[in-house]
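The values are calculated or read from the model by the stated rules, or taken from the named source; none is laboratory data. Not measured: the values here are computed from a predicted model. For neighbour counting, all protein chains shown are included, and Cβ atoms are generated from backbone atoms with ideal geometry for every residue, glycine included.
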Amino acid sequence: MVTDLGGFVASTFKRGLQFINIPTSLLAMVDASVGGKNGIDLGHIKNQIGVINLPEMVLIDTDFLNTLPAEQIASGLAEMLKHGIIHSNNYWERVKNIAVSNKNEFETLIWDSIEIKKEIVAKDPLEKNLRKTLNYGHTLGHAIESYFLKSPDKKNLLHGEAVAAGMVLATFISMETYGFPKETLFDISKTIFKYFPKQSFDKKDIEAIINLLVFDKKNRNGQVLFVLMKDIGNYKIDCVVSNNLIYNAFDYYKNF
């Protein structure tokens, strides 16, 4: 949140000032501080106002992570798991068994995660194609996050908690749509539920979440567009998904 807000203010004040990001959470280190996206929410709707503007530098000191509660570490881990799914089996296998207590291994995985995102952004800075893969799990994840934020009977979710649920849903949809391997879906689901508590969604919740999908920034010409996977590291962008399939994905999530 701080790097997004700071970058947005710097990019718009007096038509733009140079800025440096010094992320102090895992989520910011591996995701928000890298890539130049600086956005703010409009009410409870995610990232509706913003600019793409790269910082002069990103300065990372992992000692900041020693100050964070476990749920904040997990929130950042969701983005690292996402990098594994969209990048390669090699990184997925390493990050799914991450040992936070092993400082050297943890720092190596953080660096590799940053490198994965940096490489994608360098190839597609304005999100015309490849960069859309960084939104894997975020179409439903952002809608879930927004819905829980505005619902008085729901506990607010951290970004990574919502995206983790969104990745389980998106991977099920990928299996149904593009034949994503069932055993890998099981592996991803098992891994995510190891780190993140299962959320409860009733029919009313799901209907409201689907209605929020219209605000997703990847939409074109009134169509909600998903990033899906054929396999780990093998993506498909601009995918139209039926509401019926989304309901089936929530059934899978509930019953896993």
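From the list 134, 158, 140, 68, which one is touching a His at 6+ places or on another chain (Cβ under 9 Å) and not small (Gly, Ala, Ser)? Let's see the steps before the verdict.
Values: 158 fails: touching a His at 6+ places or on another chain (Cβ under 9 Å); 140 fails: touching a His at 6+ places or on another chain (Cβ under 9 Å); 68 fails: touching a His at 6+ places or on another chain (Cβ under 9 Å).
Only one candidate passes the filter, namely 134.
Which residues, counting only those in the range 1-44, are of a type in the set (Val, Ile, Thr) and either outside any helix (DSSP H, G or I) or farther than 21 Å from residue 127 by Cα (or both)?
The first filter runs over the range 1-44 and keeps only residues of a type in the set (Val, Ile, Thr), leaving 2-3, 9, 12, 20, 22, 24, 30, 34, 40.
Those that are of a type in the set (Val, Ile, Thr) and either outside any helix (DSSP H, G or I) or farther than 21 Å from residue 127 by Cα (or both): 2, 9, 20, 22, 24, 34, 40.
Inclusion of residue 189 among residues that are modelled with pLDDT of 95 or more, out of contact with any strand residue (DSSP E or B) (no Cβ under 9 Å at 6 or more places or on another chain) and either part of a loop (DSSP other than H, G, I, E, B) or among the charged types (D, E, K, R) (or both) is not warranted.
Return a yes/no flag: does the range 90-106 have any residue that is surrounded by 24 or more Cβ atoms within 10 Å (Cβ to Cβ), closer than 23 Å to residue 230 by Cβ and either out of contact with any Lys or Arg (no Cβ under 7 Å at 6 or more places or on another chain) or not basic (Lys, Arg) (or both). It would help to see each step written out before you state the result.
The initial filter retains those residues of the range 90-106 that are surrounded by 24 or more Cβ atoms within 10 Å (Cβ to Cβ), namely none.
No, because not a single residue in the range 90-106 is surrounded by 24 or more Cβ atoms within 10 Å (Cβ to Cβ), closer than 23 Å to residue 230 by Cβ and either out of contact with any Lys or Arg (no Cβ under 7 Å at 6 or more places or on another chain) or not basic (Lys, Arg) (or both).
In the condition set (1) crowded, with 19+ Cβ neighbours inside 10 Å; (2) touching a residue at least 24 places away in the same chain (Cβ under 8 Å); (3) under 17 Å from the mean Cα position of the chain (by Cα), residue 162 is compliant with all but (2). I'd like the full set of residues that are over 22 Å from residue 187 (Cα atoms), within 17 Å of the chain's Cα centre (by Cα) and touching a residue at least 12 places away in the same chain (Cβ under 8 Å), limited to the range 90-119. 114, 117, 118 - these are the residues of the range 90-119 that are over 22 Å from residue 187 (Cα atoms), within 17 Å of the chain's Cα centre (by Cα) and touching a residue at least 12 places away in the same chain (Cβ under 8 Å). Among the criteria (1) closer than 21 Å to residue 30 by Cβ; (2) at pLDDT below 95; (3) not aliphatic (A, V, I, L, M), the one residue 215 does not fulfil is (1).
Of all residue pairs spaced 6 or more apart or on separate chains, those with beta-carbon atoms under 8 Å, a first member in the range 202-226 that is in a helix (DSSP H, G or I) and a second member that is surrounded by 19 or more Cβ atoms within 10 Å (Cβ to Cβ) and of a type in the set (Lys, Arg) are 215/46.
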